[in-house]
2 protein chains.
Amino acid sequence: MITSKQHSEVIERASVMLREAGIAITPEEGSHFEVADFGLGDLEQTGLEIIVYINTTRCCAKELVMFPGQTCPEHYHPTIDGVPGKEETFRCRWGTVYVYLQGDPTPFPACRPPKGSESYYKVWHEVCLKPGDQFTVHPDTVHWFQAGPEGAIVSEFSTQSRDELDRFTDPRIQRETLITA
Amino acid sequence: MITSKQHSEVIERASVMLREAGIAITPEEGSHFEVADFGLGDLEQTGLEIIVYINTTRCCAKELVMFPGQTCPEHYHPTIDGVPGKEETFRCRWGTVYVYLQGDPTPFPACRPPKGSESYYKVWHEVCLKPGDQFTVHPDTVHWFQAGPEGAIVSEFSTQSRDELDRFTDPRIQRETLITA
């Protein structure tokens, strides 16, 4: 839950980051920014600022803006009734983003989970993405990601996005962000 | 057909445009640039410089670099045996790109077809894309596009890319570019 004042401030801050990175958006896109707090009400730690460029039944592209140290919490995109889950490629455009996945844990990972949520972060195979680097996350693969100290801007290229199907490790998470007066 | 010397020069020129637009690519991506002359051997007029970020059976993303006035020739992505043709969204990142489609012809279009190929350009409904603007081309829709006088950089978000299925209006076109010594 965030207030509409916070919502506006967050959008302004994300817009400035895009502008400084030289990524153009239309005024309409700027006003439709999605602010996701994942229901935890602690956006600085756990959150994402998202512009959905296109999302059809066949494919999807987004720009993700992440504030310094901000985390998209651990989840996966399930295959359901034989329909493969979302396949997504994260391409770092600006800053640094660390993606964590199932697999051999990285001995000295660069990131720490958001404070108070440590027990909901279980996968620790680290991939570091700098501008121009990308990584594809296949369906049913548990993952989370966190921006480096300067923040990050990440293009996401994927199959259809159906956020309501995502399965999060943290049972407290709600994918819809409530905005209050 | 282009020579390997021309090929290197074109890649260098496209890389400079990306750098000046602030779009990061890896050295490996820079060395795998696809230069498409569509078999016409007249790259300044008819051609595309392409970095394929990802292309799976499910989705695809590319960065298209277009030199000033360069044209991607008229074609469509056919539905075959009930499998829908490619759906693609062009998002202008830098410069200007004019997309032409089936539909009401625009009275005073900004572009002219490549010289000597005029008869192979039949659709004239114009959409002008500046940085931040985008347009989705649906399967089976005849279209072509041309960069403005400063060139263009365009992100393409799509379903799987299978260039060999594209149907071009100009029967002389071959999608594969031959590179000679």
> In this structure, does A:Glu12 turn out to be modelled with pLDDT of 95 or more, acidic (Asp, Glu) and open to solvent by less than 50 Å² (accessible area, probe 1.4 Å)?
Replying inline: no
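Residue-wise test of (1) within 27 Å of A:Asn55 (Cβ to Cβ); (2) surrounded by 19 or more Cβ atoms within 10 Å (Cβ to Cβ).
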position: B:His138; (1), (2): yes, no
position: B:Phe145; (1), (2): yes, yes
position: B:Gly151; (1), (2): no, yes
position: B:Ser155; (1), (2): yes, yes
position: B:Gln160; (1), (2): yes, no
position: B:Leu165; (1), (2): yes, no
position: B:Arg172; (1), (2): no, no
position: B:Glu176; (1), (2): no, no
position: B:Ile179; (1), (2): no, no
> Can you pull out the residues in segment B:132-181 that are free of Cβ contacts under 8 Å to residues at least 60 places away in the same chain and farther than 24 Å from B:Trp94 by Cβ?
Replying inline: B:His138, B:Glu164, B:Pro171
> Is it the case that some residue within segment A:12-23 is assigned to a strand (DSSP E or B), touching a Phe, Trp or Tyr at 6+ places or on another chain (Cβ under 9 Å), away from every other protein chain (no Cβ under 13 Å) and more than 23 Å from B:Ser158 (Cα to Cα)?
Replying inline: no
> Across segment A:136-162, what is the total count of residues that are touching a helix residue (DSSP H, G or I) at 6+ places or on another chain (Cβ under 7 Å) and within 14 Å of chain B (Cβ to nearest Cβ)?
Replying inline: 1
> In the list B:Gly103, B:Gly85, which residue meets the criterion of being at pLDDT 95 or above and either in contact with an Asp or Glu (Cβ under 8 Å, 6 or more places away or on another chain) or surrounded by 17 or more Cβ atoms within 10 Å (Cβ to Cβ) (or both)?
Replying inline: B:Gly85
> What pairs come up if the first residue lies in segment B:20-48 and is among the polar types (S, T, N, Q), the second is buried (at least 18 other Cβ atoms within 10 Å of the Cβ) and in a helix (DSSP H, G or I), and their beta carbons are under 9 Å apart, counting only those six or more places apart or on different chains?
Replying inline: B:Ser31/B:Ile11
>> Against the condition closer than 23 Å to A:Ile50 by Cα and without any contact (Cβ under 8 Å) to a residue 24 or more places away in the chain, how does A:Arg112 come out, does it pass?
In response: yes
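Where residues in segment A:116-135 are assigned to a loop (DSSP other than H, G, I, E, B) and among the small types (Gly, Ala, Ser), which of them is farthest from the other protein chains (Cβ to nearest Cβ)?
Taking segment A:116-135 as the starting set, the residues that turn out to be assigned to a loop (DSSP other than H, G, I, E, B) are A:116-117, A:121-124, A:130-133.
If we keep only those that are among the small types (Gly, Ala, Ser) too, we end up with A:116-117, A:132.
Working: A:Gly116: 34, A:Ser117: 30, A:Gly132: 4 Å.
Looking at residues that are assigned to a loop (DSSP other than H, G, I, E, B) and among the small types (Gly, Ala, Ser), I get A:Gly116.
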> over 19 Å from B:Ser158 (Cβ atoms) and either open to solvent by 30 Å² or more (accessible area, probe 1.4 Å) or part of a helix (DSSP H, G or I) (or both): does that describe B:Gly95?
Replying inline: no
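Take the residues in segment A:49-61 that are open to solvent by less than 10 Å² (accessible area, probe 1.4 Å) and assigned to a strand (DSSP E or B); name whichever of them is farthest from the other protein chains (Cβ to nearest Cβ).
Of segment A:49-61, the ones open to solvent by less than 10 Å² (accessible area, probe 1.4 Å) are A:49-51, A:59-61.
Now drop any that are not assigned to a strand (DSSP E or B), which leaves A:49-51, A:60-61.
Values: A:Glu49: 16, A:Ile50: 15, A:Ile51: 10, A:Cys60: 8, A:Ala61: 4 Å.
Going through the qualifying residues, I end up with A:Glu49.
Take B:Phe108 and decide whether it is at pLDDT 95 or above, open to solvent by 50 Å² or more (accessible area, probe 1.4 Å) and assigned to a loop (DSSP other than H, G, I, E, B).
On the way: at pLDDT 95 or above: yes; open to solvent by 50 Å² or more (accessible area, probe 1.4 Å): yes; assigned to a loop (DSSP other than H, G, I, E, B): yes.
Taking the combined requirement at face value, the residue satisfies it.
To keep it simple, each residue is scored yes or no on (1) more than 26 Å from A:Pro113 (Cα to Cα); (2) of a type in the set (Val, Ile, Thr); (3) open to solvent by less than 20 Å² (accessible area, probe 1.4 Å).
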position: A:Ile23; (1), (2), (3): yes, yes, no
position: A:Pro27; (1), (2), (3): yes, no, no
position: A:His32; (1), (2), (3): yes, no, no
position: A:Phe38; (1), (2), (3): no, no, yes
>> When the residues of segment B:68-82 are narrowed to those that are within 19 Å of the chain's Cα centre (by Cα) and open to solvent by 60 Å² or more (accessible area, probe 1.4 Å), which ends up farthest from the other protein chains (Cβ to nearest Cβ)?
In response: B:Pro68
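Is at least one residue of segment B:125-132 of a type in the set (Gly, Ala, Ser) and crowded, with 21+ Cβ neighbours inside 10 Å? Let's see the steps before the verdict.
So the first thing to find is which residues in segment B:125-132 are of a type in the set (Gly, Ala, Ser), and the list is B:132.
Now restrict to residues that are crowded, with 21+ Cβ neighbours inside 10 Å: none.
Taking every residue of segment B:125-132 in turn, none turns out to be of a type in the set (Gly, Ala, Ser) and crowded, with 21+ Cβ neighbours inside 10 Å.
What residue, among those in segment B:8-19 that are free of Cβ contacts under 8 Å to residues at least 60 places away in the same chain and of a type outside the set (Gly, Ala, Ser), is nearest to B:Arg91 (Cα to Cα)? Spell out the reasoning first.
Residues of segment B:8-19 free of Cβ contacts under 8 Å to residues at least 60 places away in the same chain: B:8-16, B:19.
This time we only want the ones that are of a type outside the set (Gly, Ala, Ser), so: B:9-13, B:16, B:19.
Values: B:Glu9: 26, B:Val10: 22, B:Ile11: 21, B:Glu12: 23, B:Arg13: 21, B:Val16: 20, B:Arg19: 18 Å.
So, considering only residues that are free of Cβ contacts under 8 Å to residues at least 60 places away in the same chain and of a type outside the set (Gly, Ala, Ser), the one nearest to B:Arg91 (Cα to Cα) is B:Arg19.
The values are calculated or read from the model by the stated rules, or taken from the named source; none is laboratory data. On a predicted model such as this, the values are computed, not experimentally measured, just so you know. Heads up, the Cβs are rebuilt from the backbone with ideal geometry, glycines too, and the neighbour counts pull from every protein chain shown. Only protein heavy atoms, including side chains, enter the accessible area calculation; ligands, DNA and RNA are left aside. Shrake-Rupley method; radii C 1.70, N 1.55, O 1.52, S 1.80 Å.
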